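Data block below; observations after.
Taken together, the values in this text are just the output of simple stated rules run on the coordinates, not laboratory data. Note that this is a predicted model, so its numbers are computed, not measured. Note that each Cβ is placed from the backbone with ideal geometry, even for glycine, and that neighbours are counted across all protein chains shown.
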């Protein structure tokens, strides 16, 4: 049994579809009803502020793909104090609470969708939060911890800032090689396939995946 947090999000919903195609039983956590729910998935509508009181059946694996909706400039590090608080609540507090709950009920493996450049010492609040979350997830000591660090996800929203980000990525990606290759953009379909396949094949220990691990999915 798998647990997926972020089932209605851009990437989370694609992960849910992949799990559906593989006929894997999944509990999909969400705030609202999930459209086109796979036959093998059961949605669980929850109050994310009360995660600790939720009763869950035994699970083997958990996927964390929650994310507060941000504009491109926010990801680049420009956030107001109010936005930082909301972002931290969703991306850090909610995901940590789900991870702790999953560990308590016996999950052996965890897969976290982080971001390229995640670093707890970064000046960029977005990347700093992602880095702190990675460290705290590792400290929970699951048998297998899988951290995925994608760059820009192509075609996320039909919104001006995202369209511009897509255009910048298309222009710059061909010039990113060697140590810079990890910053290339990635399609959500390739990333979701990689997340599911690599988490299912993962061995004990801590595993970090970047663009070179996604591109051939």
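Measure of size requested: the Rg and Dmax of the range 106-217, with Cα atoms as the atom set and Å as the unit; please supply both.
14.7, 45
Mind pulling the angle between the C-alpha long axis of helix 95-104 and the longest principal axis of the chain? Nearest 10 degrees, somewhere in 0 to 90.
Roughly 30 degrees between the two axes.
What number results when the radius of gyration of the range 2-214, computed over Cα atoms, is divided by 2.2 N^0.38 Å?
0.98
For the chain, what does -39500 (n - 2.57) per DSSP helix run (n ≥ 4), summed and divided by total residues, give at 222 nm, in deg cm²/dmol to the nearest 500?
-11000 deg cm²/dmol
Could you please rank 201, 173, placing first whichever residue has the fewest other Cβ atoms within 10 Å of its Cβ?
The order, fewest Cβ neighbours first, is 201, 173.
Using a Gaussian network model on the chain with a 10 Å cutoff between Cα atoms, which of 130, 85, 103 fluctuates the most?
Among 130, 85, 103, the largest GNM mean-square fluctuation belongs to 85.
What base-10 log of the normalised intensity I(q)/I(0) is obtained for the range 57-149 from the Debye formula, alpha carbons as equal point scatterers, at q = 0.17, 0.20, 0.22 Å⁻¹?
-0.69, -0.90, -1.05
Taking 0.36 nm per residue of separation and subtracting the Cα-Cα distance, what length does fully extending residue 23 through residue 121 add?
Here the answer is 31.3 nm.
I'd like the distance between the alpha-carbon centres of the range 169-217 and the range 112-147, rounded to an integer number of Å.
16
For the range 106-151, I need the span (max minus min coordinate) of the C-alpha atoms along each principal axis, in Å, sorted largest to smallest.
Cα spread of the range 106-151 along its principal axes, largest to smallest: 35, 20, 9 Å.
Output the 0 to 90 degree angle, nearest 10, between the alpha-carbon long axis of helix 10-21 and the longest principal axis computed from the alpha carbons of the chain.
That works out to roughly 50 degrees.
Please identify, among 32, 178, 149, the residue showing maximal mean-square fluctuation in a Gaussian network model of the chain using a 10 angstrom Cα cutoff.
Looking only at 32, 178, 149, the largest GNM fluctuation is found for 178.
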